[in-house]
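S.K.: One structure coming up, written as structure tokens, with questions to follow.
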Protein chains: 2
Amino acid sequence: MTTVAQWDVFEDSFEGPSSGNPFLEVKLEAFFQQNSRVVRVPGFYDGDGIFRVRFMPDNPGEWSFSTKANVADLDGKTGNFTVTAPRDGVHGPVRVANKFHFAYADGTPYLPFGTTCYAWTHQPLSEQVKTLETMAKTRFNKLRMGVFPKDYPYNVNEALHDVYQKGADGQYDFDRPNPESFRHFENQVKALGELGIEADIIMFHPYDRWGYCDMSEAQDYAYVEYLAARLSAYRNVWWSLANEYDFLLNTKPMHQWERYFHILEENDPYGHLRSIHNGDPEANYDHRKPWVTHVCIQNWDVKRTGEWRLAYGKPVINDEPEYEGNIIQVWGSISAEELVHRYWITTMRGGYAGHGETFANSDDLLWWAKGGELHGEAWKRIGFLRDVMQEDVQNGFEPIDPTTRYPWNRVSGARDGDTTIIYFGEHQPVIWSAGLPKDDGDYHADIIDTRNMTVEPAKIVAAPENHPTRHGATIVQRKPDAAFAVELPGRPHLALRVRAGKRV
Amino acid sequence: MTTVAQWDVFEDSFEGPSSGNPFLEVKLEAFFQQNSRVVRVPGFYDGDGIFRVRFMPDNPGEWSFSTKANVADLDGKTGNFTVTAPRDGVHGPVRVANKFHFAYADGTPYLPFGTTCYAWTHQPLSEQVKTLETMAKTRFNKLRMGVFPKDYPYNVNEALHDVYQKGADGQYDFDRPNPESFRHFENQVKALGELGIEADIIMFHPYDRWGYCDMSEAQDYAYVEYLAARLSAYRNVWWSLANEYDFLLNTKPMHQWERYFHILEENDPYGHLRSIHNGDPEANYDHRKPWVTHVCIQNWDVKRTGEWRLAYGKPVINDEPEYEGNIIQVWGSISAEELVHRYWITTMRGGYAGHGETFANSDDLLWWAKGGELHGEAWKRIGFLRDVMQEDVQNGFEPIDPTTRYPWNRVSGARDGDTTIIYFGEHQPVIWSAGLPKDDGDYHADIIDTRNMTVEPAKIVAAPENHPTRHGATIVQRKPDAAFAVELPGRPHLALRVRAGKRV
């Protein structure tokens, strides 16, 4: 009996017709069953007369399947297999949890700390090896990556694969995906999965010289369906409908974007996360729409994170708060210190940020597009932030004041369980109490140096009794903000962590 | 014949009644005349039976005056005097110039680089001497200062003077100003004037334990009239109706604020600058009202400077973009680097910023309230910025893109005459061209290090021809942004200055 571990991929393949256009003409689906539960899974044509169905079981035990197809060779195929416990470190696909946060299917909190290598799967294979090696040594656990190659400044090289087959006339036939290209892409998705990294798969983007941007509406729909059929069974798949969808509205009007979402809902039986990313900061998609699972945004103005949470009521991932680098494009030239600062602000306001690196070099090997190696300083400090949050995360860090009233419009503070973290950024008070616990108790305080990546104990002192503040006839009572205060070193870019109880 | 220099103060005094309440009951005004021109000037009671009129002549030559009063002793007094050319360094009062900027009456550009010592005139005299000494060694040319003392955290000491006289019952009589207090205040205004420093006089503020906040509407109006009569003749007077007027609305409703403005218009014959300062960042006064000469604002979010220019169509002074310091109040705890950064952003977006310093110390001697000595690092770098701007100012630095579209929402750039300055802040490109001159010519470029206060020549190179950017079906033409580009060192907090022609 075939066995497969829970949340790994079960796959079976069948021989069928190769004449005509099997991509368009052959309809294959499989029904996977455990007791009375049935899960419909679309199959796909992998070229050379081979058809496949892939399935990600989410429950251990005995499973069986049977196929339905519009050609006899593929219809009524059956099989069964045993699902064993998940392999070590496998927690299943990531879901939205606690409204503004994420968790794996087994309930383990997932903190998205993503980076961006838009076209890494279209670079020479030796570069792709480097990208995976680099990812393995970072703390990034999500990678934004496009299916299509990229044509853009610093991105003028040829693509590794044609994503669609070329006809006898040398022109692309957008009714015939190139299985080699998709096999390579999904192998890299799988490789990321083995590293514990989510693949945030960008289905469309505007930066194209091959014609992928100009496929017909029907071809786009077939493409989305094909992607869903091939890739959904990989547990680490996230669907990112677009990088900068608003720059594509001239070829793909709004109703198509809604249909792409719906095709995913119809063909991805696991309900992987679905998002869509804007270009113009004022052109956010209406992320309240029910088919959007979380907010994906690009915006440098990260103190607005709370505003986006309130506007959309979903987890916020700001994937492009500008990139660490030094290129002439202003979105790709912030310092490491600034990107780390924006990460802390974003996360301590209840959102999540994304990384990218754009250092000019004579070979045009910029991480943000091609992967390879990291040259900057932000990634280590972002990894440190992830470590800090992982230590205490339970339900997700929620902003101390979701309405971001004073002082929470200026400094950033969040709480998860009995851990409070306040990031002061450009502020450098020598004492602090706002947002700290109001009840007496046994607390422990640490100063976190976000640049030097150190954690040092801090001194808890009595909360200061301020002189009253008058607003004309009104005396503004200045009760202590908290049960105590903490002394701070009086330099910028520090965070304060307060935990209930002493921990070893 | 008495002589007085243009824009200095001519004063005459007369004996009159001291019985009853001369502050309220005696009406005195003088009409100053040169040829057919007549300027009405209100007089004031200075105690001990002495009444005064003060006049700031704005034109050299022969002047005469005659008085009108409702008591015979003061009515029909006359005199004449000669006005000579202004003393060296005296340029007259500051006016709005070129819509968003300022100039002295003689046309010399005035760049407001102000700081804040709210209650310095109410500190011990030895501290006040220190304040003036400190001001003299800085490049600040404006000081925000209140008439009334302050009751607030770090401000619990007694006031130097009662601003109003106390009656036999030991209670303040808010119908009787204390001339000694006003004499002291105006002497300090004059002392600042001799240092070339404008006095931004705050008439009302909410932080009061003496009862000045709770004077009646009629008493407030008499107070404004008294201030105008005593102080208008000092050329360096600016009228700031309030610090944080919105925190005073519970005792002083909106119609009173408008009347204060009108009383100034009626009693200040020189039309000194008039502004009003908010507390809550969302409670800006409607600065479009015609009696407001310029926008006075407090807001930490300085990248919004262009928005305020567009909203109000007047010069924007952001007097409180938070203060350099380390106190527990979040508005008083930013680093020197951050305040300098906010200054550069503000000025390179066509606004002006204000300084304050709030370092905790055991004697509660915080510059922002009490003056004394500066302890921080921002003031020198702010002085350096002023020097940089003074070198090239003609009509005032105007933003390269007043609508602050990309990239001017992220970096800040301004131009005055043939000088362009671009402040990159957290950005660190190694090459730049956007916003530089589009015409070929002879240009010189410098890198300005805003932290180290250095200016070094920069290399002009050919503008890069970027690979075209596609937005779906649309090719976004990437013509070079300018006639040339400049190489930069690739580190943050730099500015680029480009001037036409070589200068020695």
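The values are calculated or read from the model by the stated rules, or taken from the named source; none is laboratory data. All values derive from a computational prediction rather than experimental measurement. Note that each Cβ is placed from the backbone with ideal geometry, even for glycine, and that neighbours are counted across all protein chains shown.
S.K.: Restricting to the stretch A:244-268, name every residue that is modelled with pLDDT under 95 and of a type in the set (S, T, N, Q).
M.R.: Scanning the stretch A:244-268 gives A:ASN250, A:THR251.
S.K.: Only residues that are facing another protein chain (nearest Cβ under 7 Å) and modelled with pLDDT of 80 or more: list them for the stretch B:468-492, please.
M.R.: Passing the criteria: B:GLY490, B:PRO492.
S.K.: Restricting to the stretch B:381-406, name every residue that is outside any helix (DSSP H, G or I) and either more than 14 Å from every other protein chain (Cβ to nearest Cβ) or surrounded by fewer than 18 Cβ atoms within 10 Å (Cβ to Cβ) (or both).
M.R.: If the condition is that a residue be outside any helix (DSSP H, G or I) and either more than 14 Å from every other protein chain (Cβ to nearest Cβ) or surrounded by fewer than 18 Cβ atoms within 10 Å (Cβ to Cβ) (or both), then B:VAL393, B:GLN394, B:ASN395, B:GLY396, B:PHE397, B:GLU398, B:PRO399, B:ASP401, B:PRO402, B:THR403, B:ARG405, B:TYR406 are the ones that fit.
S.K.: Within the stretch B:265-287, count every residue that is basic (Lys, Arg) and over 25 Å from B:TYR104 (Cβ atoms).
M.R.: Total satisfying the criteria: 0.
S.K.: Turning to a different aspect of this structure: Is it the case, given these coordinates, that A:VAL393 is touching a strand residue (DSSP E or B) at 6+ places or on another chain (Cβ under 7 Å), within 30 Å of B:GLY332 (Cα to Cα) and of a type in the set (A, V, I, L, M)?
M.R.: The answer is no for A:VAL393.
S.K.: When you check A:LEU310 against the structure, is it touching a residue at least 40 places away in the same chain (Cβ under 8 Å), more than 30 Å from A:ASN59 (Cα to Cα) and within 14 Å of chain B (Cβ to nearest Cβ), yes or no?
M.R.: no
Residues are listed down the side, and each one gets a yes or a no for (1) of a type in the set (Phe, Trp, Tyr); (2) more than 11 Å from chain B (Cβ to nearest Cβ); (3) assigned to a strand (DSSP E or B):
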| position | (1), (2), (3) |
| --- | --- |
| A:ILE421 | no, yes, yes |
| A:ALA434 | no, no, no |
| A:ASP440 | no, yes, no |
| A:HIS444 | no, yes, yes |
| A:ILE447 | no, yes, yes |
| A:VAL455 | no, yes, yes |
| A:ASN466 | no, no, no |
| A:VAL498 | no, yes, yes |
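S.K.: Give the number of residues within the stretch A:292-319 that are assigned to a helix (DSSP H, G or I) and over 12 Å from A:SER275 (Cβ atoms).
M.R.: Final tally of qualifying residues: 10.
S.K.: Take the conditions out of contact with any strand residue (DSSP E or B) (no Cβ under 6 Å at 6 or more places or on another chain), over 30 Å from A:ALA30 (Cβ atoms) and within 14 Å of chain B (Cβ to nearest Cβ) and apply them to A:ASN278. Does it pass?
M.R.: Against the criterion (out of contact with any strand residue (DSSP E or B) (no Cβ under 6 Å at 6 or more places or on another chain), over 30 Å from A:ALA30 (Cβ atoms) and within 14 Å of chain B (Cβ to nearest Cβ)), A:ASN278 qualifies.
S.K.: Take the residues in the stretch B:471-489 that are charged (D, E, K, R) and either touching a Pro at 6+ places or on another chain (Cβ under 6 Å) or closer than 18 Å to B:HIS427 by Cβ (or both), then tell me which one is surrounded by the fewest Cβ atoms within 10 Å (Cβ to Cβ).
M.R.: Taking the candidates together, the pick is B:ARG478.
S.K.: Would you call A:GLU322 part of a loop (DSSP other than H, G, I, E, B), modelled with pLDDT of 95 or more, within 14 Å of chain B (Cβ to nearest Cβ) and within 23 Å of A:ALA242 (Cα to Cα)?
M.R.: Answer is yes for this residue.
S.K.: What do you reckon, is B:GLY350 in contact with a His (Cβ under 9 Å, 6 or more places away or on another chain), farther than 18 Å from B:TYR110 by Cβ and in a loop (DSSP other than H, G, I, E, B)?
M.R.: Taking the combined requirement at face value, the residue does not satisfy it.
S.K.: For B:ASN278, only one of the following conditions fails: (1) in contact with a helix residue (DSSP H, G or I) (Cβ under 9 Å, 6 or more places away or on another chain); (2) in a strand (DSSP E or B). What is its number?
M.R.: The one condition B:ASN278 does not meet is (2).
S.K.: Sort out which residues of the stretch B:193-248 are touching a Leu at 6+ places or on another chain (Cβ under 9 Å), under 19 Å from B:ASP173 (Cα atoms) and among the aliphatic types (A, V, I, L, M), and write them in order of number.
M.R.: B:MET203, B:ALA222, B:VAL224, B:LEU227
S.K.: Hey, another quick one. What are the residues in the stretch B:239-255 that are hydrophobic (A, V, I, L, M, F, W, C), without any contact (Cβ under 8 Å) to a residue 24 or more places away in the chain and either facing another protein chain (nearest Cβ under 10 Å) or within 18 Å of B:ASN267 (Cα to Cα) (or both), if any?
M.R.: The one that is hydrophobic (A, V, I, L, M, F, W, C), without any contact (Cβ under 8 Å) to a residue 24 or more places away in the chain and either facing another protein chain (nearest Cβ under 10 Å) or within 18 Å of B:ASN267 (Cα to Cα) (or both): B:LEU249.
Okay, residues lined up against (1) part of a helix (DSSP H, G or I); (2) at pLDDT 95 or above:
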position: B:ARG183; (1), (2): yes, yes
position: B:GLY193; (1), (2): yes, yes
position: B:ILE201; (1), (2): no, yes
position: B:ARG209; (1), (2): no, no
position: B:GLN219; (1), (2): yes, yes
position: B:ALA229; (1), (2): yes, yes
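S.K.: Right, something else. I'd like to check something: does the stretch A:165-175 contain any residue that is in contact (Cβ under 8 Å) with a residue 24 or more places away in the chain, closer than 30 Å to A:ARG40 by Cβ and not in a helix (DSSP H, G or I)?
M.R.: yes
S.K.: Within the stretch B:5-25, can you find the residues that are outside any loop (DSSP other than H, G, I, E, B) and either in contact with a helix residue (DSSP H, G or I) (Cβ under 6 Å, 6 or more places away or on another chain) or of a type in the set (A, V, I, L, M, F, W, C) (or both)?
M.R.: B:ALA5, B:PHE10, B:PHE14, B:PHE23, B:LEU24
S.K.: What pairs come up if the first residue lies in the stretch B:48-71 and is hydroxyl-bearing (Ser, Thr, Tyr), the second is surrounded by fewer than 15 Cβ atoms within 10 Å (Cβ to Cβ), and their beta carbons are under 6 Å apart, counting only those six or more places apart or on different chains?
M.R.: These pairs meet every condition: B:SER64/B:ASN80; B:SER66/B:THR78.
S.K.: Report yes if some residue within the stretch B:352-361 is surrounded by fewer than 23 Cβ atoms within 10 Å (Cβ to Cβ), charged (D, E, K, R) and either within 14 Å of chain A (Cβ to nearest Cβ) or touching a residue at least 40 places away in the same chain (Cβ under 8 Å) (or both); otherwise report no.
M.R.: Checking the stretch B:352-361: not a single residue is surrounded by fewer than 23 Cβ atoms within 10 Å (Cβ to Cβ), charged (D, E, K, R) and either within 14 Å of chain A (Cβ to nearest Cβ) or touching a residue at least 40 places away in the same chain (Cβ under 8 Å) (or both).
S.K.: Another question, if that's okay. Scan the stretch A:224-238 and give yes if some residue there is over 20 Å from the mean Cα position of the chain (by Cα), touching a residue at least 24 places away in the same chain (Cβ under 8 Å) and surrounded by fewer than 21 Cβ atoms within 10 Å (Cβ to Cβ), otherwise no.
M.R.: Among the residues of the stretch A:224-238, at least one is over 20 Å from the mean Cα position of the chain (by Cα), touching a residue at least 24 places away in the same chain (Cβ under 8 Å) and surrounded by fewer than 21 Cβ atoms within 10 Å (Cβ to Cβ), which makes the answer yes.
S.K.: Now for a different question. Out of the stretch A:431-481, which residues are more than 24 Å from A:GLU391 (Cα to Cα) and in contact (Cβ under 8 Å) with a residue 24 or more places away in the chain?
M.R.: Hits for the stretch A:431-481 are A:ILE431, A:VAL461, A:ALA463, A:PRO464, A:PRO480, A:ASP481.
Every residue, every condition in (1) surrounded by fewer than 24 Cβ atoms within 10 Å (Cβ to Cβ); (2) over 16 Å from the mean Cα position of the chain (by Cα); (3) not acidic (Asp, Glu), yes or no:
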{"position": "B:TYR270", "(1), (2), (3)": "yes, yes, yes"}
{"position": "B:VAL295", "(1), (2), (3)": "no, no, yes"}
{"position": "B:ARG304", "(1), (2), (3)": "yes, yes, yes"}
{"position": "B:PRO315", "(1), (2), (3)": "no, no, yes"}
{"position": "B:GLU320", "(1), (2), (3)": "no, no, no"}
{"position": "B:ILE328", "(1), (2), (3)": "yes, yes, yes"}
{"position": "B:ILE334", "(1), (2), (3)": "no, yes, yes"}
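S.K.: I'd like to know if the stretch A:93-102 contains one or more residues that are within 30 Å of A:ASN21 (Cβ to Cβ), surrounded by 14 or more Cβ atoms within 10 Å (Cβ to Cβ), at pLDDT 95 or above and within 22 Å of the chain's Cα centre (by Cα).
M.R.: no
S.K.: Hey, another quick one. Scanning the stretch B:187-223 for residues that are within 12 Å of chain A (Cβ to nearest Cβ) and hydroxyl-bearing (Ser, Thr, Tyr), which turns out surrounded by the fewest Cβ atoms within 10 Å (Cβ to Cβ)?
M.R.: For the stretch B:187-223, the residue satisfying everything is B:TYR212.
S.K.: Does B:ILE317 meet the test of being within 14 Å of chain A (Cβ to nearest Cβ) and of a type in the set (A, V, I, L, M)?
M.R.: Judged against the criteria, B:ILE317 is not a match.
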